[in-house]
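**Q** A single structure is presented below for examination.
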Amino acid sequence: MLAFLDDAASRAATTCERALLNKLGGGCQVPIGAFAEVKNGRIHLNGLVAHPDGTKVLRENARWDDPVRLGEEVGETLLRRGGDVILEEVYGEGFALPQQP
């Protein structure tokens, strides 16, 4: 009954943003951001992780057709570029990454 309310582009963008935040173990203690939008049939994602004091800020963006894979790939790139260090400094050793199934 509610299918008419679904907007595929909004759903894809939200799914992509959530995938990035999940990859980074998003929480309220560290600035982590994700903004996705669909343009010309492709999802564009901008991701960010920063130290709370602003001394380290990492940004990454990419385009892809698969929202989950895009979010995870951008999250992984941010971690490899030093996001893991930022998150460990904020959350403490072993708490930077979410538990993997």
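The values are calculated or read from the model by the stated rules, or taken from the named source; none is laboratory data. What you see is a predicted model; the values in this text were computed from it and never measured. All Cβ positions, glycine included, derive from the backbone under ideal geometry; neighbour counts span all protein chains shown.
**Q** Can you tell me which residues in segment 1-42 are part of a helix (DSSP H, G or I) and under 14 Å from Asn61 (Cβ atoms)?
**A** Ala13, Cys16, Glu17, Leu20
**Q** Report yes if Val49 is among the β-branched types (Val, Ile, Thr), part of a strand (DSSP E or B) and either surrounded by 20 or more Cβ atoms within 10 Å (Cβ to Cβ) or free of Cβ contacts under 8 Å to residues at least 24 places away in the same chain (or both), otherwise no.
**A** Values: among the β-branched types (Val, Ile, Thr): yes; part of a strand (DSSP E or B): yes; either surrounded by 20 or more Cβ atoms within 10 Å (Cβ to Cβ) or free of Cβ contacts under 8 Å to residues at least 24 places away in the same chain (or both): yes.
So Val49 fits the description; yes.
**Q** What tally of residues in segment 48-76 results from selecting those that are under 17 Å from Ala36 (Cβ atoms) and not hydrophobic (A, V, I, L, M, F, W, C)?
**A** Residues that pass the stated criteria total 13.
**Q** Return the residues of segment 50-101 that are basic (Lys, Arg) and modelled with pLDDT under 95; say none if nothing qualifies. Step through it out loud before you land on a result.
**A** Let us first name the residues in segment 50-101 that are basic (Lys, Arg), namely 56, 59, 63, 69, 80-81.
Correct list: Lys56 only.
**Q** Report, ordered by the first and then the second residue, all pairs with beta carbons closer than 8 Å, sequence separation of six or more or different chains, a first member in segment 16-40 that is buried (at least 19 other Cβ atoms within 10 Å of the Cβ), and a second member that is among the polar types (S, T, N, Q) and outside any loop (DSSP other than H, G, I, E, B).
**A** Between residues of segment 16-40 that are buried (at least 19 other Cβ atoms within 10 Å of the Cβ) and residues that are among the polar types (S, T, N, Q) and outside any loop (DSSP other than H, G, I, E, B), the close pairs are Ala34/Asn46; Ala36/Thr14; Ala36/Asn46.
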